[in-house]
1. Among residues belonging to the stretch 119-171 that are touching a Cys at 6+ places or on another chain (Cβ under 8 Å) and assigned to a strand (DSSP E or B), point out the one that is farthest from F84 (Cα to Cα).
2. I'm trying to understand the selection: among the residues of the stretch 33-64, which are modelled with pLDDT under 95 and more than 15 Å from F4 (Cα to Cα)?
3. Looking at the stretch 185-213, I want the residues that are in contact (Cβ under 8 Å) with a residue 24 or more places away in the chain and more than 28 Å from F97 (Cα to Cα) and have a partner that is polar (S, T, N, Q) and in a loop (DSSP other than H, G, I, E, B) with Cβ atoms under 7 Å, at least 6 apart or on another chain. Which pairs are those?
4. For the stretch 95-112, check the following and say yes or no: at least one residue is over 22 Å from G203 (Cβ atoms) and hydroxyl-bearing (S, T, Y).
5. Report, by residue number, each residue of the stretch 51-69 that is surrounded by fewer than 19 Cβ atoms within 10 Å (Cβ to Cβ) and among the polar types (S, T, N, Q).
6. Hey, could you check the stretch 214-233 for residues that are surrounded by fewer than 16 Cβ atoms within 10 Å (Cβ to Cβ) and touching a residue at least 24 places away in the same chain (Cβ under 8 Å) and say which is farthest from V65 (Cα to Cα)?
7. Please give the helices (runs of 4 or more DSSP H) falling wholly within the stretch 1-72 in which 1 or more residues are among the basic types (K, R) and over 29 Å from Q179 (Cβ atoms).
8. Within the stretch 234-253, take every residue that is modelled with pLDDT of 95 or more and loosely packed, with under 14 Cβ neighbours inside 10 Å and give me the one that is farthest from the chain's Cα centre (by Cα).
Amino acid sequence: MHSFSAADIPEDWRALLGDYFESPEWQMLQTNIRADLTKDAKKMCPEPQNFFKALTLTPLTQVKVVILGQDPYHSPGLAQGLAFSIPSDIPTNSRQFPSSLRNISKALALEGFGALPNGDLHTWAEQGVLLINTALSVKLGEAGSHANLGWKSLVDRLISALAKQKSYLVWMLWGGHAQSKLPLIETAQDQLILQSSHPSGLGVYKTDQPFLEPGGMASCRHFTKANEWLIKQGVEPIIWVDRNNSIGLDLFFIGH
């Protein structure tokens, strides 16, 4: 059985977290996760070895953009350890394909990047987009079920330390939950903070900062703004969509 410990976290990110691992908060998280793993590891999403996949795929020195999610997908076969990302073999027009990803793809297409070929965002992570949820596990079939296990202390510490250590990052805060982390970020210098409603089916058009404009004819332009900021800092922009593998926008408007 997987034994949850600080060693699961890549060394560079452990160093960023510093003395957090000596705190009561870490001890509580470790105790709670180990108890759940002992109880029924098969009902954990994602698999325990993927809890820290976002940190593994995006080394600290390579972070350019941070996209905050809430907790992993709780439906079977979706969670990968990367916020918003799902396996590439899930058809884009299937019921399994999350509305959030569908609307992210619409936004990308509207901004001229093209629609996503699938829901797997590994290529973003490998380019420096930290796709981190604020809870790194969930019980199968129960959204938000691990929100109180202690993940908040770890992720809050990571967000705060990252903002202070690295200048010129782009933060995409979609929805109220992600925006609740604003106080951890805004005190740091030279950060681009982009805010909008959440891209989910329920929230995408809500608030005075919609992710997609009502009618779906324009987006919040976060992906464009991020690349403009990176280029301004002399940093390589993100290839949000591989043109060789992109698909038509029309598919994403079917039934919406």
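The values are calculated or read from the model by the stated rules, or taken from the named source; none is laboratory data. Since the model is a prediction, treat every value here as computed from it, not as a measurement. Reconstructed Cβ throughout: ideal geometry from the backbone, glycine too, with neighbour counts over all protein chains shown.
1. K139
2. Result: K43, single match.
3. Taking only residues 6 or more apart or on different chains, the pairs are I185/Q191.
4. no
5. T56, T61, Q62
6. Top of the filtered list is M217.
7. The helices (runs of 4 or more DSSP H) meeting that bar are 24-40.
8. G234
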